[in-house]
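What follows is a set of notes on a single structure, which appears directly below.
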Amino acid sequence: MFTARTDFRPGRVWSRRWNLCFLCACGVLAACGAAAIILRAQDKNPFVGDAKAAKLGESQFRANCAFCHGLGARGGGRGPDLTRAQKRHGNADGDLYRTINEGVPGTAMPPNGATQQGVGMTEEEIWQVIAYIRSVQAKAPAQIMGNAAHGKELFYGNAACSTCHMIQGKGGRLGPDLSTTSSARSTDYLVESVRNPSRRLAQGISEAMKEFSQEYETVTVVTADGTKLMGVVLNEDNFTLQMMDTREELHLLQKDKLQSYEKIRGSLMPPYDQKMLSDKDLQDLMAYLLAVGAQ
Amino acid sequence: MRSEWIKKILFAATTAMLVSSVAVCEAGAQVTAQRLLDSGKEPQNWLMYSGDYAGRRYSALEQINISNAAKLVPKWAYQTMAGGKFETTLLAVDGIVYGTGQDNRAFALDARSGRPIWQYQRALPSDIRPCCGRVNRGLAILGDKVFLGTLDAHVIALDAKTGNAVWDITTVDYRGGYSITLAPLVIKNLVIIGVSGGEYGIRGFIDAYDAETGERKWRFYTVPGPGEPGHETWESESWKIGGAPAWITGTFDSATNTTFWTTGNPSPSNRGEGRAGDNLYSNSLLALDPDTGKLKWYYQFSKHDEHDYDATQVPVMVDQGEKHLIMQANRDGFFYVVDRRSGKLVYATPFAKVTWSDSKDPNGTPIARKDASPTLEGNRVCPGAAGATNWMSPTYDPQTQLFYVTAREQCDVFSTAPQAYEAGHAYYGSAYFPNDDAAPFTGALRAIDPNTGKIKWEWKHPSPTWSGVLSTAGGLVFTGDAEGNFIALEAASGKALWHFQCGASVYSSPMTFEMDGKQYVAVAAGSALFTFALP
């Protein structure tokens, strides 16, 4: 709000009105500040253990949150499993309130009311949602099954995950960075992504984020000079394509200049079946991802 | 000598004043009700939301045409510096363009340069709760005033020369979940508006205000009260919170003195339990007398809707010889043609993927499948909650005689989320989320032949878009996409002739105007307004 105003120079015909608006804006900001102090003071959910409030919260959750977090809060292709005891962006009631109300910058989690999906929740309704989340979440952090150290060896060794995936700065670039994936996706989703990577590609969060929804579709093109390139789509529209080939080279192309263009709604990643990765090894790999994600 | 010199100066000064007063006249001519009726006679201007009373979003300007569209270049941009969706359609009046921005901004710009003449922003209460973004789609104009509907459910008349508020009236207490996002429609001396709030269990209405004073002249409740026809289509007290908002600008047939308005979903949006019946006049086309607000007839599209299929798409008036029709590509996936004298359906045929209905009643109106209702576990239905199209304007081109609409191909999983009504609180009774299909959602600009309902051509969008469509006598249609492109296509074939990357999704319907003999095309994208013309 503030920055939007700085381009209005004083002395213009409308300056008085803008000054008034400026004062109003200051008032609103002051009010917001006061509200923030009140909310900060209220870090405790007034509905702790209130089953009725949790039930109301479930309806709010379905209308406002299930789009990404799934109907039972167990996560999905777009948002974390909230039934886990440990929440990435803070575990206390006040943390959950802040996460819901303000969103998480740099992630797909929008501020309350800005989802283009639900209609925004009142303070009371947010607390009801938190009561609901508490009612369905596990009582204690899940014991990580599997051997994380062995999982790490697999990731960088025999399973060759690091050819395309990066964790904490080490690994390849062709696939998604997996440093925080385990806290942003349900374990079922991660397992499926290994066993059957093309079943569901990484999903764009919503149309509002469409410009940034990298879905890792596979693309093959033949350029004007006859060069054949295969890789993943970084972005595209009707007229242009931005892709990374399997050698991690970027190519910025105009579609009408290509000899051919073929996009497959499938992943370049091979399905890791039992022969390539046993259930035990998969469990170890998950243990590694969970351990990294919890950091 | 000296007196001669003074005379010269006086003469020069007077001449200068005369010249400047002529300029003032040019820029400040009054927009009369007659000019609005005859808007086709001044294609250099764009005097109302859809360009004309027929709602065609068609312009007779032809300087930009299929032979030169490839040479279009940007001329100026105007930044609102505001976040959120920028949905405005500009008005263009004698060298000035008027528009609205997010959070009830309004502005008047020099149409030649884009430089602001005045800027306005309403100080909104902090507890407004518009359902779907802090948006506004534009202004209406009459005389020396422009009219703005606000997110706190006021209607405000602004002085067209200064942006000062001339009058400001409350339509209803916004705390009940009401807001206004549409561009008003001026008919004669009345400013006609409708309300949003179908997600809050409001009782929808359409109002008319005296343009001079702001005095309310009539109100038509879109949910009939006790004793009124249609009241019996609501279960017990459900009518009180029945929804049926009217949030897209209507059209006007002066030959029969009838204004056509469309309405949105019954509340709660996706849960029919507790509101058994057809739920009139939700999802309907209403023919009203603009002088009195009396209902002449209605046609209901999807009855007892449970999928949020608001019928709030511009009802476009098209004449075919002796046939006087309304055409609407509806959010429920059907293209409807209705006789606008009788209100009788001519036909309805799908223009996008539809699974909610597989049969029709004897009149040809689609009937919902019983098993299409939302369930607790979730039920996959097409189109999804955002619809096969939405509020973005279609266009009818009298040259090609085709109807162009932005179609969205997205199915959703609808699940119930029972909730009690509480005034001013979200009241969906439901949740929906994208289905798990492997295929991505797509969209298309589709050209429909209204004689057959068949799709003559389509321009595929990589993802569903929220851009409206403009057609011009230059043989062109203009539209935008979610990837940020603004595109000119040949109206007859759908061939893309030109595009410009705006840098953010287009959430608006384009318009065109002429200034200094130069035709401009304008569209809002991101937080900026862009204009284009030939070099």
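The values are calculated or read from the model by the stated rules, or taken from the named source; none is laboratory data. Since this is a predicted model, take the numbers as computed values, not measurements. Don't worry about glycine lacking a Cβ; one is built from the backbone with ideal geometry, like all the others, and counts go over all protein chains shown.
Residues in the stretch A:54-67 that are buried (at least 23 other Cβ atoms within 10 Å of the Cβ) and not aromatic (Phe, Trp, Tyr): A:57, A:58, A:59, A:60, A:62, A:63, A:64, A:65, A:66.
Does residue B:269 satisfy the condition of being among the hydroxyl-bearing types (Ser, Thr, Tyr), part of a loop (DSSP other than H, G, I, E, B) and either within 17 Å of residue B:338 (Cβ to Cβ) or free of Cβ contacts under 8 Å to residues at least 60 places away in the same chain (or both)? It is false that residue B:269 is among the hydroxyl-bearing types (Ser, Thr, Tyr), part of a loop (DSSP other than H, G, I, E, B) and either within 17 Å of residue B:338 (Cβ to Cβ) or free of Cβ contacts under 8 Å to residues at least 60 places away in the same chain (or both). Taking the residues in the stretch B:370-405 that are within 13 Å of chain A (Cβ to nearest Cβ) and not in a loop (DSSP other than H, G, I, E, B) as candidates, determine which candidate is surrounded by the fewest Cβ atoms within 10 Å (Cβ to Cβ). It comes out as B:375. Residue B:236 satisfies every condition listed in (1) in contact (Cβ under 8 Å) with a residue 40 or more places away in the chain; (2) assigned to a loop (DSSP other than H, G, I, E, B) except (1). The set of residues from the stretch B:285-326 being within 30 Å of residue B:375 (Cα to Cα), touching a strand residue (DSSP E or B) at 6+ places or on another chain (Cβ under 9 Å) and not in a strand (DSSP E or B) comprises B:301, B:302, B:303, B:304, B:305, B:306, B:307, B:308, B:310, B:311, B:312, B:313. Within the stretch B:424-436, not a single residue is assigned to a strand (DSSP E or B) and away from chain A (no Cβ under 11 Å). Filter the stretch B:475-494 down to residues that are more than 14 Å from chain A (Cβ to nearest Cβ) and surrounded by 24 or more Cβ atoms within 10 Å (Cβ to Cβ), then give me how many there are. Result for the stretch B:475-494: 4. Just one of the listed residues (B:77, B:69) is crowded, with 17+ Cβ neighbours inside 10 Å, touching a residue at least 40 places away in the same chain (Cβ under 8 Å) and either over 23 Å from residue B:261 (Cα atoms) or out of contact with any strand residue (DSSP E or B) (no Cβ under 9 Å at 6 or more places or on another chain) (or both), and it is B:69. Looking only at the stretch A:61-88, which residues are basic (Lys, Arg) and either under 13 Å from the mean Cα position of the chain (by Cα) or more than 10 Å from chain B (Cβ to nearest Cβ) (or both)? Of everything in the stretch A:61-88, those that are basic (Lys, Arg) and either under 13 Å from the mean Cα position of the chain (by Cα) or more than 10 Å from chain B (Cβ to nearest Cβ) (or both) turn out to be A:74, A:78, A:84, A:87, A:88. Screening residue B:487 on (1) in contact with a His (Cβ under 7 Å, 6 or more places away or on another chain); (2) assigned to a loop (DSSP other than H, G, I, E, B) shows it passes everything except condition (2). Looking across the stretch A:215-263, the residues that are acidic (Asp, Glu) and within 14 Å of chain B (Cβ to nearest Cβ) come down to A:215, A:217, A:236, A:237, A:256.
Among the residues of the stretch B:148-163, just one is polar (S, T, N, Q) and closer than 17 Å to residue B:103 by Cα, namely B:150. Restricting attention to the stretch A:149-178, the residues that are in contact with a helix residue (DSSP H, G or I) (Cβ under 6 Å, 6 or more places away or on another chain) and surrounded by fewer than 19 Cβ atoms within 10 Å (Cβ to Cβ) total 4.
Looking only at residues of the stretch B:431-474 that are among the aromatic types (Phe, Trp, Tyr) and at pLDDT 95 or above, we find that the one that is surrounded by the most Cβ atoms within 10 Å (Cβ to Cβ) is B:466.
Within the stretch A:247-269, the set of residues being at pLDDT 95 or above and assigned to a loop (DSSP other than H, G, I, E, B) comprises A:247, A:248, A:249, A:258, A:259. Condition test on residue B:276, is it in a loop (DSSP other than H, G, I, E, B) and under 16 Å from the mean Cα position of the chain (by Cα)? Considered against the rule, which asks whether it is in a loop (DSSP other than H, G, I, E, B) and under 16 Å from the mean Cα position of the chain (by Cα), residue B:276 comes out as no. Considering only the stretch B:500-529, how many residues are within 12 Å of another protein chain (Cβ to nearest Cβ) and surrounded by fewer than 24 Cβ atoms within 10 Å (Cβ to Cβ)? The qualifying residues number 7. Tell me whether the stretch B:13-21 contains one or more residues that are on the phi < 0 side of the Ramachandran plot, at pLDDT 95 or above and not assigned by TED's automatic domain parsing to the domain that holds residue B:525. Scanning the stretch B:13-21, I find no residue that is on the phi < 0 side of the Ramachandran plot, at pLDDT 95 or above and not assigned by TED's automatic domain parsing to the domain that holds residue B:525, so the answer is no.
Does residue A:179 qualify as being part of a helix (DSSP H, G or I) and not basic (Lys, Arg)?
On the way: part of a helix (DSSP H, G or I): no; not basic (Lys, Arg): yes.
Answer is no for this residue.
Filtering B:178, B:174, B:200 for residues that are modelled with pLDDT under 95 and of a type in the set (Ser, Thr, Tyr) leaves a single hit, B:200.
The criterion of at least 1 residues that are buried (at least 22 other Cβ atoms within 10 Å of the Cβ) and away from chain A (no Cβ under 14 Å) is met, among strands (runs of 3 or more DSSP E) falling completely within the stretch B:91-155, by B:91-93, B:96-101, B:140-142, B:145-149.
Here B:152, B:94 are screened, and the one residue that is over 21 Å from the mean Cα position of the chain (by Cα) and either within 29 Å of residue B:210 (Cβ to Cβ) or modelled with pLDDT under 95 (or both) is B:94. Filtering the stretch B:224-268 to residues that are touching a Pro at 6+ places or on another chain (Cβ under 6 Å) and among the hydroxyl-bearing types (Ser, Thr, Tyr) leaves B:251, B:259, B:262.
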